[in-house]
Amino acid sequence: MKKDFLWGGSTSAFQFEGGANEGGKGESIYDVISKSGEMQIGEVKFKTDADYSTTSDFYHHYKEDIALMAEMGFNGFRMSIAWTRIFPNGDDANYNEEGVKFYNSVFDELIKHGIQPVVTLFHWDMPQSLVERFDGWYGSETVDAFERYCKTCFEQFGDRVKYWLTLNENNLCKLLPCLQTKTKLKASDENFEEFKLKVYHNTNIAHFKAVKLCHEIVKDGKIGCMIASSIAYPMTSHPKDVFEATKHQQNKMYDYLDLLIKGKYNRRDIGEFDNINLTLYKDNSFVELASNDISKIDFISFSYYFSICMQSEENKSNENAATLQIMYQAYENPKLEKSSFGWTIDPLGLRIFMNDVYDRYNLPLLLVENGLGVEDDVLEADGTIHDPYRVEYLRQHINAVKDAVEIDHVDCFGFLPWGCIDLYSASGNKKKRYGFIYVDYDDNFKRYKKDSFYWYKEVIKSNGEKL
Ligand code: BG6
């Protein structure tokens, strides 16, 4: 691996930071979820006991956490900025000085330890006030507010933060358009299509505006998108299954990347707009913004956890019909093992994806989420946590990245696995842990080093040689 390869870990503000009632922070949609104890992903509503207002309390532990990261040898750390810490209502007249001060301290601390911050501008924690007033991303006012928020971030932190990511996993926006809106629609609702495309279009304007601003304001700054990679295999060699798998990858990944990188919607997306006579994509200001070189990303960052199988309706066999991810309406791969959480383990899928995406766009890649999330970690009486399953998963996936880089000549400049210090799952589960460091939520957020901590330290020290 290259000498300056970024080794580290990854988090998001709403899942890791806590301190929701401090420092003048405003309410985000996750604070509302914590209060109500109810969450909705797509059309599925469920109860959650995850209190996102505290989570892992990075807000008060950041010095200790950054020291631990440095001890592991991190030279990169991905985090997100909570929009509501900078603008409590999303679009206040002035930024919240305490919020800016907090992130200044975090970035200073990271730089002091030789750790390059990689910052996501929007990791889903939409200000509740924008949801109430403008229906979140449905309203163009939210896009304007986002532009101002980004400008503030670049101006305040751009002297130290050189790697930026725009919207987390926004390739899934068309699948889950109501995640950050007040309006909750079912896919079968009459106006769903229009709502979905307006939300999607607005998030895309927001993305392009952020990229443009970053290039204008941050000296030597690099900015990328962040997508959820979703490698899909056909369940059988039947052409209909092959078609389903191809379609999935187009709809869920490549149509979106085509827009961001080529600067215009591809024919399938245009077809969707045309079907309901929406002409938004033809607006001059959008065309100009999207096609301008200054609005083009410098790299592609992505998450990778598992692969899926697709099959056509008529080829469905009961045997393989267990739904892996309801959201994707996908099927389990009978050839692969699963984690105790039910996600398939497929390191080769990671290498396949990296080759595919690099062949298509020829842009550097940054892996910003990967890892094993399980409920199996046990804090022993002597403060140890034995997690050989996590080491095995990561060993295989780091090997896949190495193969992609060293054998296939893919340009990938970092590996930042998810939840390097335990945090709450995005789907309301506080028992699912990914970290090298255990957080005791029942005892003052005390931190403990897992076995994987010592293993990852050696991996980093040897630049990926000692796995
Ligand atoms: C990604 C998100 O989709 O997957 C993270 O960017 C999330 O926010 C991660 O936490 C893992 O998913 P989960 O459900 O295990 O939290």
Task: Checklist (1) farther than 22 Å from His123 by Cα; (2) within 16 Å of the ligand (Cβ to nearest atom); (3) among the hydrophobic types (A, V, I, L, M, F, W, C) applied to Met354, failing item - done: (2)
Task: Index of the failed condition, Asn362 passing every other in (1) farther than 30 Å from Val119 by Cβ; (2) modelled with pLDDT of 90 or more - done: (1)
Task: In the stretch 438-457, the residues that are touching a Phe, Trp or Tyr at 6+ places or on another chain (Cβ under 6 Å) and under 11 Å from Ser56 (Cβ atoms) - done: Tyr438, Val439
Task: Flag for Cys214 being modelled with pLDDT of 95 or more and either within 20 Å of Cys173 (Cα to Cα) or among the β-branched types (Val, Ile, Thr) (or both) - done: no
- [ ] Just give me the residues in the stretch 187-197 being touching a residue at least 40 places away in the same chain (Cβ under 8 Å), surrounded by fewer than 20 Cβ atoms within 10 Å (Cβ to Cβ) and in a helix (DSSP H, G or I), in sequence order.
- [x] Glu193, Glu194, Phe195
Task: Tally, over the stretch 215-250, of residues that are within 30 Å of Cys153 (Cα to Cα), more than 16 Å from the ligand (Cβ to nearest atom) and surrounded by fewer than 20 Cβ atoms within 10 Å (Cβ to Cβ) - done: 7
Open item on the list: It is to be established whether one or more residues within the stretch 404-415 are within 16 Å of the ligand (Cβ to nearest atom), touching a Ser or Thr at 6+ places or on another chain (Cβ under 7 Å) and in contact (Cβ under 8 Å) with a residue 40 or more places away in the chain.
Closed with: no
Task: Looking only at the stretch 275-286, and only at residues there that are of a type in the set (A, V, I, L, M, F, W, C) and outside any helix (DSSP H, G or I), the one that is surrounded by the most Cβ atoms within 10 Å (Cβ to Cβ) - done: Leu278
Task: Unmet criterion (only one of (1) surrounded by fewer than 15 Cβ atoms within 10 Å (Cβ to Cβ); (2) in contact (Cβ under 8 Å) with a residue 40 or more places away in the chain) for Leu289 - done: (1)
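Out of contact with any strand residue (DSSP E or B) (no Cβ under 9 Å at 6 or more places or on another chain), closer than 25 Å to Trp418 by Cβ and modelled with pLDDT of 95 or more: which single residue out of Tyr254, Tyr265, Tyr305, Tyr281 fits that description? First the steps, then the outcome.
On the way: Tyr265 fails: closer than 25 Å to Trp418 by Cβ; Tyr305 fails: out of contact with any strand residue (DSSP E or B) (no Cβ under 9 Å at 6 or more places or on another chain); Tyr281 fails: closer than 25 Å to Trp418 by Cβ.
The conditions single out Tyr254.
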- [ ] Out of the residues in the stretch 427-444 that are modelled with pLDDT of 95 or more and within 8 Å of the ligand (Cβ to nearest atom), state the one that is surrounded by the most Cβ atoms within 10 Å (Cβ to Cβ).
- [x] Tyr434
Task: Sole exception among (1) part of a helix (DSSP H, G or I); (2) surrounded by fewer than 20 Cβ atoms within 10 Å (Cβ to Cβ); (3) touching a residue at least 24 places away in the same chain (Cβ under 8 Å) for Leu260, by number - done: (2)
Open item on the list: Among the residues in the stretch 315-334, are any under 20 Å from the mean Cα position of the chain (by Cα), within 20 Å of Tyr393 (Cβ to Cβ) and modelled with pLDDT of 95 or more?
Closed with: no
TODO: May I ask you to list pairs of residues, at least six apart or on different chains, whose Cβ atoms are under 8 Å apart, with the first in the stretch 112-125 being over 19 Å from Phe5 (Cα atoms) and the second being among the β-branched types (Val, Ile, Thr) and more than 16 Å from the ligand (Cβ to nearest atom)?
DONE: Asp125/Thr84
Open item on the list: Pull out all pairs, ordered by first then second residue, where Cβ-Cβ is under 7 Å, the residues are six or more apart or on different chains, the first lies in the stretch 172-183 and is free of Cβ contacts under 8 Å to residues at least 24 places away in the same chain and under 12 Å from Tyr200 (Cα atoms), and the second is of a type in the set (Asp, Glu) and surrounded by fewer than 18 Cβ atoms within 10 Å (Cβ to Cβ).
Closed with: none
TODO: Filter the stretch 114-146 for residues that are more than 16 Å from the ligand (Cβ to nearest atom) and in a strand (DSSP E or B) and give the result.
DONE: Gln116, Pro117, Pro127
- [ ] With respect to Gly23, determine if the residue is closer than 27 Å to Pro417 by Cβ and surrounded by 16 or more Cβ atoms within 10 Å (Cβ to Cβ).
- [x] no
TODO: State all residues of the stretch 357-375 that are of a type in the set (Asp, Glu) and either buried (at least 17 other Cβ atoms within 10 Å of the Cβ) or touching a residue at least 60 places away in the same chain (Cβ under 8 Å) (or both); if no residue qualifies, say none.
DONE: Glu369
TODO: Residue by residue through the stretch 125-153, note down the ones that are surrounded by fewer than 22 Cβ atoms within 10 Å (Cβ to Cβ) and within 30 Å of Leu367 (Cβ to Cβ).
DONE: Val143, Glu147, Lys151, Thr152
Task: Elements of type strands (runs of 3 or more DSSP E) contained in the stretch 365-467, each with 2 or more residues being β-branched (Val, Ile, Thr) - done: 437-440
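The values are calculated or read from the model by the stated rules, or taken from the named source; none is laboratory data. Since the model is a prediction, treat every value here as computed from it, not as a measurement. When we count neighbours, we look across all protein chains shown, and the Cβ atoms used for this are built from the backbone with ideal geometry, even at glycine.
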